[in-house]
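The values are calculated or read from the model by the stated rules, or taken from the named source; none is laboratory data. These figures come from a predicted structure and were not determined experimentally. All Cβ positions, glycine included, derive from the backbone under ideal geometry; neighbour counts span all protein chains shown.
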């Protein structure tokens, strides 16, 4: 039985899915959890360790549905998958694996993609696969220094990226007060005793944590690499974007590879138009002098309920150029009035629990680890 019930980590499952492994993923969570977000290609077969199968299903019908295809069973936290797998194996299925940690661990899975650069500049995109959060490590290999940009709660991932590049983190930057995920910025900076950089305008949003204020026009030196700060209000009042080596623009939630950031999360529906006007000015005034070959490295990529990226694939660089967006992104070509109308007409679902997430990131609310994990589950929903 133990041979049949192979234990898979989420990293092992991801590797199998990325290589077109024919293993079928069975998600045993209730339908509402599955519908909100699930792994690519997963099928939903609700199961409770005590109550058994849901929806009036029988084990015979499930065996018929799955056939002899290898199966990986995943649940919320890794608790229901094992009894489901045992029962499936007992009924004759020869290749059953269970995913350790369930969707909770899947939400903490990261891919690292190094950006092609010249000289000693090191730049890596740190992708949180389940949510589409994109953070960065920017460093100078010769100086052995690096800065983490928009680190998540699993900030050790950013430390590992820096270490693998032969650098240590000498600073941490949060581009804005995030609404979709919990920042690990302040905790990481505290652990390493390094500066935590945040826009000086964050004070107007009631931020209660200590930080080193920065503003548009400032520069953060990392060895011989300069990170130039470009103010980019719109998605939020205090949002900052980072220009690296006069070639790369870390756009945070101002500009994505296929859309722009929504504005009502801070401003509210009643004043979202003001945020949209600020965002229009960011794209057409503050970015106007930047050349078309500027590489855009966004802060998010949208992830659909089936776990697929809206642009590219997990483990591949999510990037484009300003020239491509100016020429091909429809919303970029709209005039001011039409742009504001389009942004404020956003009807996509807001990030889960976004008001609480904002309060936590402002330092106004504390959570246990279990509460924090539950708060973040689901896609980011930050784009228009």
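Might you let me know whether the stretch 89-100 holds any residue that is within 27 Å of the chain's Cα centre (by Cα), under 21 Å from residue 153 (Cβ atoms) and outside the structural domain of residue 11 (by TED's automatic domain parsing)?
no
Among the residues of the stretch 168-182 satisfying the criterion of being crowded, with 24+ Cβ neighbours inside 10 Å and in contact with a strand residue (DSSP E or B) (Cβ under 7 Å, 6 or more places away or on another chain), which is modelled with the lowest pLDDT?
The selected residue is 181.
Can you tell me which of (1) surrounded by 14 or more Cβ atoms within 10 Å (Cβ to Cβ); (2) out of contact with any helix residue (DSSP H, G or I) (no Cβ under 6 Å at 6 or more places or on another chain); (3) on the phi < 0 side of the Ramachandran plot is the one residue 340 doesn't meet?
(2)
Quick check on the stretch 359-382. Is at least one of its residues assigned by TED's automatic domain parsing to the domain that holds residue 185, loosely packed, with under 15 Cβ neighbours inside 10 Å and in contact with a strand residue (DSSP E or B) (Cβ under 9 Å, 6 or more places away or on another chain)?
no
Within the stretch 156-166, track down each residue that is surrounded by fewer than 24 Cβ atoms within 10 Å (Cβ to Cβ) and touching a helix residue (DSSP H, G or I) at 6+ places or on another chain (Cβ under 9 Å).
If the condition is that a residue be surrounded by fewer than 24 Cβ atoms within 10 Å (Cβ to Cβ) and touching a helix residue (DSSP H, G or I) at 6+ places or on another chain (Cβ under 9 Å), then 156, 159 are the ones that fit.
Within the stretch 94-106, can you find the residues that are within 24 Å of residue 11 (Cβ to Cβ) and outside any helix (DSSP H, G or I)?
Of all residues in the stretch 94-106, those within 24 Å of residue 11 (Cβ to Cβ) come to 95-106.
Selection gives 95, 96, 97, 98, 99, 100, 101.
Go through the stretch 198-223 residue by residue and tally those that are part of a helix (DSSP H, G or I) and closer than 23 Å to residue 134 by Cβ.
Step one: list which residues in the stretch 198-223 are part of a helix (DSSP H, G or I), which gives 200-205.
Then keep just the ones that are closer than 23 Å to residue 134 by Cβ; that gives 201-202, 205.
So the answer is 3.
Which residue out of 209, 222 is over 24 Å from residue 248 (Cβ atoms) and assigned by TED's automatic domain parsing to the domain that holds residue 274?
Working: 222 fails: over 24 Å from residue 248 (Cβ atoms).
After applying the criteria, what remains is 209.
Can you tell me which of (1) at pLDDT below 95; (2) touching a helix residue (DSSP H, G or I) at 6+ places or on another chain (Cβ under 9 Å) is the one residue 98 doesn't meet?
Evaluating residue 98 over (1) at pLDDT below 95; (2) touching a helix residue (DSSP H, G or I) at 6+ places or on another chain (Cβ under 9 Å) leaves (1) as the failure.
Suppose we filter the stretch 19-49 for residues that are touching a strand residue (DSSP E or B) at 6+ places or on another chain (Cβ under 9 Å) and under 20 Å from residue 303 (Cβ atoms); how many remain?
15
State yes or no: is residue 148 surrounded by fewer than 17 Cβ atoms within 10 Å (Cβ to Cβ), at pLDDT 95 or above, assigned by TED's automatic domain parsing to the domain that holds residue 364 and farther than 18 Å from residue 358 by Cα? Walk me through it before giving the result.
Details: surrounded by fewer than 17 Cβ atoms within 10 Å (Cβ to Cβ): no; at pLDDT 95 or above: yes; assigned by TED's automatic domain parsing to the domain that holds residue 364: yes; farther than 18 Å from residue 358 by Cα: yes.
No: the conditions fail for residue 148.
Looking at (1) surrounded by 24 or more Cβ atoms within 10 Å (Cβ to Cβ); (2) within 25 Å of residue 130 (Cα to Cα), which one does residue 276 not meet, given that it meets all the others?
Just one mismatch for residue 276, condition (2).
For the stretch 287-331, which positions are out of contact with any strand residue (DSSP E or B) (no Cβ under 9 Å at 6 or more places or on another chain) and at pLDDT below 95?
Hits for the stretch 287-331 are 304, 305, 306, 307, 308, 312, 313.
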